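The values are calculated or read from the model by the stated rules, or taken from the named source; none is laboratory data. Remember, it's a predicted structure, so these values are computed and weren't measured experimentally. FYI the Cβ positions are ideal-geometry reconstructions off the backbone, even for glycines, and counts take in every protein chain you see. Each accessible area value is taken on the protein alone, full model and side chains, heavy atoms only, with ligands, DNA and RNA left out. Shrake-Rupley method; radii C 1.70, N 1.55, O 1.52, S 1.80 Å.
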Amino acid sequence: MYSNGDSIKEDHHFQDHIEHRVPVQIYLEQLHRDIGYVERVTHSFIKVNSTYYNRGLYTFISRPGY
């Protein structure tokens, strides 16, 4: 499926993470901001830990096994 550290961007990547309960780590530039499970996916935002993160500003990294 996904390897630890894979960058995820596409809707189907996020849907896979929801379906399989794979956590994602969130970065703003080089700074870690959050880690958790994807709750919702929209065209512009990803919801993790009850917070909406702008897809254009943040980087989302797959963290299977975390």
> Got a sec? Which residues in region 11-44 would a label at residue 50 touch, if it sits 7 Å along Cα→Cβ and we count backbone N under 18 Å?
Replying inline: 34-41
>> Among (i) 0.95; (ii) 1.21; (iii) 1.01, only one was calculated for this model; which label is it, if the read-out is Cα Rg over 2.2 N^0.38 Å?
In response: (i)
> Are there trypsin sites (Lys or Arg not before Pro) in the chain that DSSP marks as loop and that have at most 16 other Cβ atoms within 10 Å, and which are they?
Replying inline: 9, 21
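Evaluate the charge dipole of the chain about its Cα centre and quote only its size in Debye, nearest 20, assuming +1 on the Cβ of each Lys and Arg and -1 on the Cβ of each Asp and Glu.
The dipole of the chain has a size of about 140 debye.
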> Using a 1.4 Å probe, what is the accessible area per residue for the chain, in Å²?
Replying inline: 65
